[in-house]
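A quick write-up on the structure given underneath.
The values are calculated or read from the model by the stated rules, or taken from the named source; none is laboratory data. What you see is a predicted model, and the numbers here were worked out from it, not measured in a lab. All Cβ positions, glycine included, derive from the backbone under ideal geometry; neighbour counts span all protein chains shown.
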Amino acid sequence: MDGPGPAVRLVGTHAKTADPANFEPRVWSSQRLPTVSQLEIVGNHDQADGIELEGTMQATISGVLIRRCRYGVHLVKRNRNVLVADSHIYDGRGPAVGVFFDRVNLHQTIITGCHISYCRHAGVKVSGGEVRNLQITGCDIEYNHDPANPDSADVWIDAREGTVREGTIASNTIQAKGSPRGANVRIEGAPRDDSAGAGLWAITGNILQDKQKNVWLRHCRGVTVTGNSFASAFERSLVLEHCRHVVIGSNTFDHNPDYTGPRADGIRVVRSAGINLQNLIVEGSRAGGPDEGGAIEVVDSSEVLILGCQVLDPEFRGIDIRNCRNTKVSECTIVDRRTSPTMREPVRVVGGDKPPAPG
């Protein structure tokens with residue numbers, strides 16, 4: 001693609017939902033299932049894109065290699081029932097995005113079995129719009145980072161303008177390198193009192209490592225993070241800000257002793273409510289400092305349960321709770337087993353009368 005814009009553009013006329021009653025006859029007769037497969041697209045222009053979808057029903061991209069493009073797969077305006085499978089989106093041009101949901105109205109999307117890597121802004125990004133039923137599964141999404149610019153992510157769900165709900169990120173390897181405000185997975189909604197702009201997400205069975213933050217949730221509601229392996233976060237493994245009703249269960253927060261680097265790891269919960277942390281192993285966290293903070297840090301929050309966790313060899317504290325109410329720590333093992341221990345307190349509780357409202 002030697003010029004600006006998409007090398008392949010698929011345009012349909014479907015402007016309603018996926019309910020069978022909402023289709024015009026011409027969609028089923030000549031527009032359904034537009035397919036791109038067994039094709040390589042190489043961008044030779046700074047504004048070159050790979051494939052653009054608009055107004056499509058059941059668009060399917062399979063077995064495609066897209067490289068050196070600004071946007072690999074670009075979804076605009078309105079689409080329904082999109083499938084991106086078994087494809088390689090690699091080495092994007094400039095501040096690239098591998099799969100870009102660009103203020104689109106789109107329900108029912110599956111991204112599966114893909115390699116999405118070296119796109120400097122984001123591997124998969126949802127920006128605004130109305131998105132429902134997004135499944136990202138069985139993919140290798142890595143090295144989507146930009147050391148020269150703030151804000152990048154392997155998977156970035158940005159619902160600060162719009163709503164993005166009902167999604168799954170499962171069975172992926174998601175890793176990168178350090179970059180300013182970088183994250184493996186970043187989900188954020190608008191600053192609403194009910195934190196409901198981004199929610200109903202499941203993050204399950206992934207490998208998440210080597211970024212400033214492994215998972216960063218802001219203004220989210222109804223999220224489960226279970227069965228994942230976290231490793232080597234340079235700021236925090238998991239950060240919850242202004243969230244409601246989040247379950248963090250049965251994850252490991254660890255580091256491979258063979259890997260070196262300025263990791264901090266650990267969990268930070270801020271101005272959130274209805275948070276459940278249980279059955280976690282947090283090992284060797286360097287989070288916090290001499291005066292405050294620790295491997296698990298909960299600040300200005302309420303209705304938080306920390307149950308059955310093992311916090312091993314923290315640098316400063318196991319659990320640090322500041323200005324919280326209705327918060328319980330139970331059945332946890334917090335121990336510094338090192339030859340020269342540095343842990344100052346297993347559990348510290350400060351304040352707690354009237355924390356600010358989580359919204």
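Within region 49-58, the residues that satisfy the criterion of being assigned to a strand (DSSP E or B) and crowded, with 24+ Cβ neighbours inside 10 Å are Asp49, Gly50, Ile51, Leu53. Among the residues of region 236-253, those that are farther than 17 Å from Ile187 by Cα and assigned to a strand (DSSP E or B) comprise Gly249, Thr252, Phe253.
In region 224-252, what count of residues is obtained for those that are β-branched (Val, Ile, Thr) and buried (at least 24 other Cβ atoms within 10 Å of the Cβ)?
Going through region 224-252 one residue at a time, the tally reaches 3.
Tallying residues that are more than 19 Å from the chain's Cα centre (by Cα) and either crowded, with 24+ Cβ neighbours inside 10 Å or of a type in the set (Gly, Ala, Ser) (or both) within region 253-263 yields 1.
Scanning region 295-308 for residues that are crowded, with 21+ Cβ neighbours inside 10 Å and either without any contact (Cβ under 8 Å) to a residue 24 or more places away in the chain or more than 17 Å from Ser272 (Cβ to Cβ) (or both) returns a single hit, Ala295. Close contacts from region 175-203, counting a first residue that is more than 16 Å from Cys119 (Cβ to Cβ) and a second that is among the aliphatic types (A, V, I, L, M) and part of a loop (DSSP other than H, G, I, E, B), with Cβ to Cβ under 8 Å and a gap of 6+ residues or different chains, come to Gly189/Ala196; Asp193/Ala357; Gly197/Ala190. Taking (1) among the aliphatic types (A, V, I, L, M); (2) on the phi > 0 side of the Ramachandran plot; (3) free of Cβ contacts under 8 Å to residues at least 24 places away in the same chain in turn, Ala21 satisfies each apart from (2). From the list Arg160, Arg186, Arg103, Arg132, the lone residue that is on the phi > 0 side of the Ramachandran plot and either β-branched (Val, Ile, Thr) or assigned to a strand (DSSP E or B) (or both) is Arg103.
Among the residues making up region 268-299, those that are over 17 Å from Val335 (Cα atoms) and among the β-branched types (Val, Ile, Thr) are Val269, Val270, Ile275, Val298, Val299. In the set Val311, Val347, Val269, only one residue is assigned to a strand (DSSP E or B) and surrounded by fewer than 18 Cβ atoms within 10 Å (Cβ to Cβ); that residue is Val347.
One line per residue, one yes/no per condition, for (1) at pLDDT 95 or above; (2) surrounded by 14 or more Cβ atoms within 10 Å (Cβ to Cβ); (3) of a type in the set (Asp, Glu):
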site	(1), (2), (3)
Gly3	yes, no, no
Arg26	no, no, no
Thr60	yes, yes, no
Leu65	yes, yes, no
Val76	yes, yes, no
Val82	yes, yes, no
Asp86	yes, yes, yes
Phe100	yes, yes, no
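Under the condition of being farther than 17 Å from Ile203 by Cβ and either in contact with a Phe, Trp or Tyr (Cβ under 8 Å, 6 or more places away or on another chain) or not aromatic (Phe, Trp, Tyr) (or both), the residues counted in region 228-253 number 3. If you scan region 28-46, which residues turn out to be surrounded by 15 or more Cβ atoms within 10 Å (Cβ to Cβ) and either charged (D, E, K, R) or in contact with a helix residue (DSSP H, G or I) (Cβ under 6 Å, 6 or more places away or on another chain) (or both)? The answer is Arg32, and nothing else. The single condition among (1) under 24 Å from Arg181 (Cα atoms); (2) free of Cβ contacts under 8 Å to residues at least 12 places away in the same chain; (3) of a type outside the set (Phe, Trp, Tyr) that Pro257 does not meet is (1). I need the full set of residues from region 22-48 which are part of a loop (DSSP other than H, G, I, E, B) and acidic (Asp, Glu), in order please. Within region 22-48, Glu24, Asp46 meet the criteria.
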